[in-house]
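Let me begin by presenting the structure, written as structure tokens, before commenting on it.
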Amino acid sequence: MQKDPPSISQILSYLKIEKLNEMQSAAIEASEKENDIILLSDTGSGKTLGFLLPVLQTLDATNPKTQALIIVPSRELALQIEKVFKTMGTGFKIACCYGGHLRETEENNLLQAPALIVGTPGRLADHLRRGNIHPEAIRTLVLDEFDKSLESGFQEEMSFVIGSLPALEKRILTSATEAPEIPAFLGLKEDPIMLNYLSGNKPAALAIQMVKSQEKDKLDTLFRLICFLGNRSAIIFCNHRESVERTHNLLAEKGIYSVFYHGAMEQQERDAALCKFRNGTSNVLVTTDLASRGLDIPNIRYIIHFHLPSSEEVFTHRNGRTARMEASGTAILILSPEERLPSYIAPPVEQIELPETSVLPDKPKWTTLFIAAGKKDKVNKVDIVGFLTNKGQLKKEDIGLIEVKDFFSFVALRKSMVSNTLQSIKNERIKNKKVKIDVAK
């Protein structure tokens, strides 16, 4: 039998928090008055509790059905929310659903309907289509970091998920940045309550370091630096297209697999390079300043300035690829003997001492397949997963990130499975159509 939920003071003691902050108290008060709320607050300010407490107030212990849904842009955020909710000791069941997690495990967790489900848009849509989530009693929806979900191309899945909630009454949207235009499919009323607790202070999540090269060329220093950093994702900025390709080629000769990106490439080549970097086929992207703006490349750990930026503005935009949202990052400048730190970088800057012996990082475990069919061919991610699991005899966990463009698609597969998969599907059809499928160039 479900016990009464703990009081707020009990929950705070479980979480080892002394008292609610101003934003959290305002969120609870607003939730009691209004159904649609937009909550803007800095990263690390306690937004998770700021929406979980209002959600908890809407849950009915006598209702055996799922009553609330939280949509997040990343599995890391889903797991973080699940952990906080479990620590709150509410007695209500929560289930966590995200890509890369065994669907069978999630299906078992959903058999007895959890009161609250948290997950990423694609996986939630998948469960709804399969009938694993029963949405008829879901009255509360939270879109955490909703702007990030929209940035990351989840609109189609989010629209489907939200459109599948017939009893929806309350919506809470959160963000750590000034909110963008809110799409109509979110269904907010015209004048939602806006709680803006953004401080305007940027998080000091970016560390700046430097490496001194003994040679003017700096390439050997770059190689040793990548070996030193290991398998963490890194973007290497060069000032010219020719330097990008030369650096990429010379790293390849030394055993470092990278992809490159610049403005003279065909669009399909650009898409392939960025997809390989996003999906883990390569941990290293060599690029010009073209990649410093407007690209969706999450979870970048290192920005390496192989060539010094031409201005402070360029330096800032390059570094904007990392230390985003909850992430932290490091910018590393490589200096030749005659180069000095730019005047806009305030000392002290930590100097990295590279070991004499370099050990090559492990090779990536993913490979990217190119499929010559896309949205205009009525092919979507579900079609590709179904094709690869049925015809390619792959398990779901052997399939990584899928990106569907208008006329072609990319899909990450475990490298160890690629040869057998290509053999298994060579005479098969997607949507009754024979299409070219091969390792992406």
Report summary line: In the neighbourhood of I37 defined by beta carbon distances under 10 Å, the net charge of the other residues (Lys, Arg +1; Asp, Glu -1) is +1
Query raised in the report: Taking the highest mean first, how do the peptides 18-26, 351-359 order by number of other beta carbon atoms within 10 angstrom per residue?
Result: 18-26, 351-359
Query raised in the report: From the Cα gyration tensor of the chain, with a ≥ b ≥ c the square roots of its eigenvalues, which class applies: rounded if a/c is under 1.5, or else prolate if a/b is larger than b/c, or else oblate?
Result: oblate
**Report entry** Computed [θ] at 222 nm, helices only, for the chain once each DSSP H run of length n ≥ 4 contributes -39500 (n - 2.57)
**Finding:** -9500 deg cm²/dmol
Query raised in the report: Do the alpha carbons of any pairs in K396/K433; K83/K376; K83/K396 sit beyond 32 Å of each other, and which pairs?
Result: K83/K376
Report summary line: Sites removed, the longest contiguous part of the chain containing no DSSP-loop chymotrypsin sites (Phe, Trp or Tyr not before Pro) with at most 14 other Cβ within 10 Å is 1-343
Report summary line: Contact order relative to length for the range 206-351, counting C-alpha pairs under 8 Å separated by 6 or more residues, stands in percent at 37
**Report entry** Counted charge near N432, where neighbours are those whose Cβ lies closer than 12 Å (Asp, Glu -1; Lys, Arg +1)
**Finding:** +2
Requested in this report: Please give the FRET efficiency for E397 paired with K216, using the beta carbon to beta carbon distance and R0 = 56 Å, rounded to the nearest 0.05.
Outcome: 0.75
Query raised in the report: Which whole-number percent gives the relative contact order of the chain, counting Cα pairs below 8 Å spaced six or more residues apart?
Result: 14
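Every number in this text was worked out from the coordinates using simple rules, so none of it is lab data. For clarity, every value in this text was computed on a predicted model and none was experimentally measured. Because the Cβ atoms are built from the backbone with ideal geometry, glycine has one as well, and the counts that use them run over all protein chains shown.
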